[in-house]
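K.L.:
Starting off with a structure, shown below.
The values are calculated or read from the model by the stated rules, or taken from the named source; none is laboratory data. Not measured: the values here are computed from a predicted model. Counting neighbours? That spans all protein chains shown, and the Cβs are built from the backbone with ideal geometry, glycine included.
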Amino acid sequence: MLVLAALVGVAIGVGIAVASSSGRTHSNPISAAPRLSAQERWRAGARAAPEPRLRDQTGRLVSLRGQRRIVLLTFLDSRCRSSCPVEGRMLAAVARRLPPRLRPELVVVSVDPWADSPTSARRFVAKSGWRAPWHWLLGKPSALRPVWSAYDIGVQRTRTDIVHSLVLYVVVNGYERAAYLFPIAPRAVARDLRLLEA
């Protein structure tokens, strides 16, 4: 358990460091969306979500603007045995707190292009308990790195693991509205999604 906590802490630290050093412009969270509980919030239409332009586990080219109105976007390793399964269960807990018609679409960008596959992605999602539409975006390192960079995601491959930022973005109609560092509070995220849907 201590190893898990340490890994989660390292990954969150990477996310904070990457976000702090990034050249992306961050708006004032308080004036942007004061009712949301996310660490970062943006007004509707203020911040276009970068398009991944990647194929999912079925081979389909996925566009954030072409998905359901609200999309949860995150970055995971389907073969991870430490922090990613915890994040997967938290995301499933968010969906369970919402009625089926309000459940967002989940888009996961792989952080392990060396090992992630359609089979490992399906296994991860089933084990997490996600019960809504989802896409696991796959690709070669050269295709994934620009997406990681566009979303301020730090990814470092070690001899035994993939260490990466643990961030959840909420995208509405192709625009970023909120970003949460993990661990998230499923109740709070579900509440925010209801507010954004309204």
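K.L.:
Evaluate the stretch 152-162: report whether one residue or more is closer than 17 Å to VAL86 by Cα, of a type in the set (A, V, I, L, M, F, W, C) and either in contact with a strand residue (DSSP E or B) (Cβ under 8 Å, 6 or more places away or on another chain) or not in a strand (DSSP E or B) (or both).
P.N.:
Yes: one or more hits.
K.L.:
Kindly establish whether ARG145 is modelled with pLDDT under 95, surrounded by fewer than 17 Cβ atoms within 10 Å (Cβ to Cβ) and not in a strand (DSSP E or B).
P.N.:
No; evaluated as a whole, the condition is false for this residue.
K.L.:
Mind listing whichever residues of the stretch 163-184 are of a type outside the set (Val, Ile, Thr) and part of a loop (DSSP other than H, G, I, E, B)?
P.N.:
SER165, LEU166, ASN173, GLY174, PHE182, PRO183
K.L.:
All but one of (1) touching an Asp or Glu at 6+ places or on another chain (Cβ under 7 Å); (2) on the phi > 0 side of the Ramachandran plot hold for ASP152; which doesn't?
P.N.:
For ASP152, the exception is condition (1).
K.L.:
Looking at the stretch 90-113, which of its residues are more than 18 Å from PHE182 (Cβ to Cβ) and either under 13 Å from the mean Cα position of the chain (by Cα) or of a type in the set (Val, Ile, Thr) (or both)?
P.N.:
Matches in the stretch 90-113: GLU105 only.
K.L.:
Sticking with this structure for a sec: Scanning the stretch 122-137 for residues that are over 14 Å from the mean Cα position of the chain (by Cα) and buried (at least 16 other Cβ atoms within 10 Å of the Cβ), which turns out farthest from ASP56 (Cα to Cα)?
P.N.:
Among those that are over 14 Å from the mean Cα position of the chain (by Cα) and buried (at least 16 other Cβ atoms within 10 Å of the Cβ), it is SER128.
Table: residues versus (1) closer than 20 Å to PRO146 by Cα; (2) among the charged types (D, E, K, R).
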| position | (1), (2) |
| --- | --- |
| LEU36 | no, no |
| GLY45 | no, no |
| ARG55 | yes, yes |
| ILE70 | no, no |
| PHE75 | yes, no |
| ARG96 | no, yes |
| PRO99 | no, no |
| GLU105 | no, yes |
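K.L.:
May I pose another question? So which of ARG89, ARG122, ARG131 ends up being of a type in the set (Lys, Arg) and in a loop (DSSP other than H, G, I, E, B)?
P.N.:
One residue alone meets the criteria, ARG131.
K.L.:
Could you list all residues from the stretch 56-77 that are over 13 Å from the mean Cα position of the chain (by Cα) and crowded, with 17+ Cβ neighbours inside 10 Å?
P.N.:
Listed by number, the residues that qualify are ASP56, GLN57, VAL62, GLN67.
K.L.:
Among GLU51, GLU87, which is the only one that is within 16 Å of the chain's Cα centre (by Cα), within 16 Å of VAL147 (Cβ to Cβ) and acidic (Asp, Glu)?
P.N.:
Just a single option satisfies the conditions, and that option is GLU51.
K.L.:
Restricting to the stretch 89-108, name every residue that is under 23 Å from ILE153 (Cα atoms) and buried (at least 22 other Cβ atoms within 10 Å of the Cβ).
P.N.:
LEU91, VAL94, PRO104, LEU106, VAL107, VAL108, listed by residue number.
K.L.:
Would you please name the residue that is nearest to LYS127 (Cα to Cα), looking only at residues in the stretch 47-80 that are in contact with a Phe, Trp or Tyr (Cβ under 8 Å, 6 or more places away or on another chain) and of a type in the set (Gly, Ala, Ser)?
P.N.:
My answer is SER78.
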